[in-house]
1. Rank S64, S170, S190 by mean-square fluctuation in a GNM of the chain with C-alpha springs under 10 angstrom and give only the top-ranked residue.
2. For R179 paired with E145, estimate the spin-label separation in nm (one decimal), with each label point 7 Å from Cα along the Cα-to-Cβ line.
3. With the cut-off at 1.5 for a/c, could you classify the stretch 73-198 from its C-alpha gyration tensor as rounded, prolate or oblate?
4. Can you pull the percent of the chain's accessible area that's carbon plus sulfur, 1.4 Å probe, other chains left in place?
5. Measuring from label point to label point, each 7 Å out along Cα→Cβ, what is the S163 to R123 span in nm?
6. Hey, with R₀ at 25 Å, roughly what FRET efficiency would R14 and H66 work out to, going by the Cβ-Cβ distance, to 0.05?
7. 5 Å is the cut-off here: which amide hydrogens, built 1.01 Å from N in the peptide plane, fall below it relative to I153, excluding neighbours closer than 5 in sequence?
8. With θ set to phi - 60° and the Karplus curve 6.51 cos²θ - 1.76 cosθ + 1.60, what are the ³J(HN,Hα) couplings of the stretch 91-96 in order, to the nearest whole Hz, using x for Gly and Pro?
Amino acid sequence: MNGRKRVGVLISGRGSNLVSLIEATRAPDYAAEIAIVLSNRANAAGLLRAQDAGIETRVIDHKSFHGREPFDAALTQALRNANVDLVCNAGFMRLHSPGFVREWHGRQLNIHPSLLPAFRGLRPQARALEAGVRISGATVHFVAEEMDAGPIIAQGAVPVLTSDDEDALSARILAMEHRLYPLALQLVASGAAWLDGAHVNFAKDSPPPFLM
Ligand code: GRF
């Protein structure tokens with residue numbers, strides 16, 4: 001596909017969502033390609049997965065900067081150098097500065113393993129079990145200043161089984177994440193979904209922004 005959007009993926013670890021995006025971009029009609037993968041951790045396993053796929057990678061270690069702003073400025077510089085149109089956070093474990101959020105406003109996506117706005121923050125799967133919800137899932141949203149609180153693009157639902165522990169529920173949600181993130185990125189990259197103030201708008205012929 002001509003005119004594919006160039007995506008920068010930010011990771012900190014395993015990179016299984018990154019792999020699901022890499023696989024999606026192999027389809028000829030996919031509207032995005034991955035231009036660069038940035039990690040704040042040199043030992044993030046996802047870096048190897050990107051390199052295996054021939055994708056440029058860079059480590060930008062937050063510990064070598066004094067504070068969030070200069071770290072985020074280095075991220076933005078690297079993303080700009082790679083001519084990135086869209087940023088996908090995929091297990092990136094640093095909170096962004098307001099300047100970074102503004103810079104990539106409407107162009108930065110994040111995935112979170114709960115049905116937002118429920119269970120923002122860390123270990124949402126454990127808290128879903130604790131709360132006794134019967135359905136959970138994953139959400140892809142535009143990034144806003146408040147963590148896990150930006151306008152929702154797409155959601156995928158999974159059952160919570162009475163036999164679940166945190167690992168079992170996390171695995172079921174992760175499998176859903178791997179279906180959902182490629183769908184959400186395709187919606188945004190193709191122009192079928194876009195940020196409009198506090199909400200996401202969808203083109204009339206947009207594929208449904210949910211999975212079950
Ligand atoms: C995923 O559960 C994602 O939703 C959360 O962090 C995890 C990252 O996993 N933000 P991976 O690195 O993509 O395998």
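1. S64
2. For R179 paired with E145, the spin-label model returns 3.7 nm.
3. Because a/c hits 1.5 or more and a/b exceeds b/c, the stretch 73-198 counts as prolate.
4. That share works out to 52 percent.
5. The modelled label-to-label distance comes out at 2.4 nm.
6. Calculated value: 0.30.
7. HN-HN under 5 Å from I153: V140, H141, F142.
8. Listing the rounded values in order: x, 8, 9, 10, 7, 7 Hz.
The values are calculated or read from the model by the stated rules, or taken from the named source; none is laboratory data. Note that the structure is a prediction, hence the values are computed from the model and not measured. So basically every Cβ, Gly included, is an ideal-geometry build from the backbone, and we count neighbours across all protein chains shown. These accessible areas exclude ligands, DNA and RNA; they are computed on the full protein's heavy atoms, side chains included. Shrake-Rupley method; radii C 1.70, N 1.55, O 1.52, S 1.80 Å.
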